[in-house]
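As structure tokens, the structure follows; a few thoughts come after it.
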Amino acid sequence: MVVFKSKGDTAANTTTTTDTTAPSESAAPKTTVLKPIETKVTPSQFDTSPIWESVAKSYDNEIGWDERVMGIGLLRRWLVSQAKGDVLEVSTGTGRNFSYYKPESITSATFTDRHPPMLEEAKHKFEKQPKPWNVEANFITANVDDPKSMPQGFDTVVDTFGLCSCGDPVEALVSLADACKSEDSRILLLEHGRSHYDWLNRLLDTNVDKHVTRWGCWWNRDMVGLLEDKRVKEKMEVVSMYRWHFGTTCYIVAKPKRSPTETK
Ligand SMILES: C[S@@+](CC[C@H](N)C(=O)[O-])C[C@H]1O[C@@H](n2cnc3c(N)ncnc32)[C@H](O)[C@@H]1O
């Protein structure tokens, strides 16, 4: 796999172009600032829940081939094979990570998702695993960006491709940190979002409305920027990060930060 070198990310919904073709009195290239790309669909006025509720049965077939071509299975294995102790996976979807865990390292497993049809698919998949896990597994409907609905007290918290789908990814990251048992816990993330490259970000920005209304996924979110958000930085610290696919796929291991007053 190739890690592409970082180039300045384009800020969401802004596009700048350097026009070198127009005739000009000076030889210097002319920079034209284009109008911001207007996003009509926003998380506050578009609920993706009906999409996730209707796609559950066909989800694996729809994305299986893309994931194979992109080597996502390898990244899933690399990430979730580190899970140990009491494990929480949020936005579990249809349970595409199950075969990559090491059950012998796991004491208990809790799988959550906001949408019961997705969680039902996950439950069936879990029951049909070739090697059954010798641990208790709980399946709970929970909204990752609503801290009140989230279970707590885990050694490992996993989220793969969930931050692009929830309403408030900052709140979601904060609740992942809060779900950790202690500073020794780990948060394992595999996410997708903005690229290192301006041309690709423009493509993501231009087509985000179409993409979110079809797939329930905000594919132009700035994953690295989210980790820099003040509220997130107060709650977690990045241990390692790698990026693939022009920087759009982010593999992140983080640990929670606890303030001295927190007793968790
Ligand atoms: C792109 S799928 C990823 C599924 C799975 N994690 C994977 O790696 O294949 C996004 C998942 O997030 C779930 N989801 C969307 N919004 C959510 C929320 N606010 N809280 C919890 N889960 C949510 C959807 O139901 C869906 O199962």
Of the numbered conditions (1) without any contact (Cβ under 8 Å) to a residue 60 or more places away in the chain; (2) surrounded by 14 or more Cβ atoms within 10 Å (Cβ to Cβ), residue 102 satisfies every one except a single condition; which is it? (2)
For residues that are at pLDDT 95 or above and within 20 Å of residue 235 (Cα to Cα), scanning just the stretch 121-149, find the one that is surrounded by the most Cβ atoms within 10 Å (Cβ to Cβ). 144
List pairs: first in the stretch 201-223 and away from the ligand (no atom under 16 Å from the Cβ), second among the basic types (Lys, Arg), Cβ under 8 Å, 6+ apart or cross-chain? 201/194; 209/40; 222/194
State whether one or more residues within the stretch 71-78 are surrounded by fewer than 22 Cβ atoms within 10 Å (Cβ to Cβ), among the basic types (Lys, Arg), within 23 Å of residue 245 (Cβ to Cβ) and within 18 Å of the chain's Cα centre (by Cα). yes
Within the stretch 235-263, residues in contact with a Lys or Arg (Cβ under 7 Å, 6 or more places away or on another chain), in contact (Cβ under 8 Å) with a residue 24 or more places away in the chain and more than 15 Å from the ligand (Cβ to nearest atom) come out as 235, 236, 239, 253, 255, 256, 257, 258
Filter the stretch 131-164 for residues that are charged (D, E, K, R) and part of a strand (DSSP E or B); the one that is farthest from the ligand (Cβ to nearest atom) is 136
Residue in the stretch 28-50 that is more than 25 Å from residue 175 (Cα to Cα), surrounded by 11 or more Cβ atoms within 10 Å (Cβ to Cβ), at pLDDT 50 or above and acidic (Asp, Glu) present: no
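The values are calculated or read from the model by the stated rules, or taken from the named source; none is laboratory data. These figures come from a predicted structure and were not determined experimentally. Cβ atoms come from the backbone with ideal geometry, glycine included; neighbour counts cover every protein chain shown.
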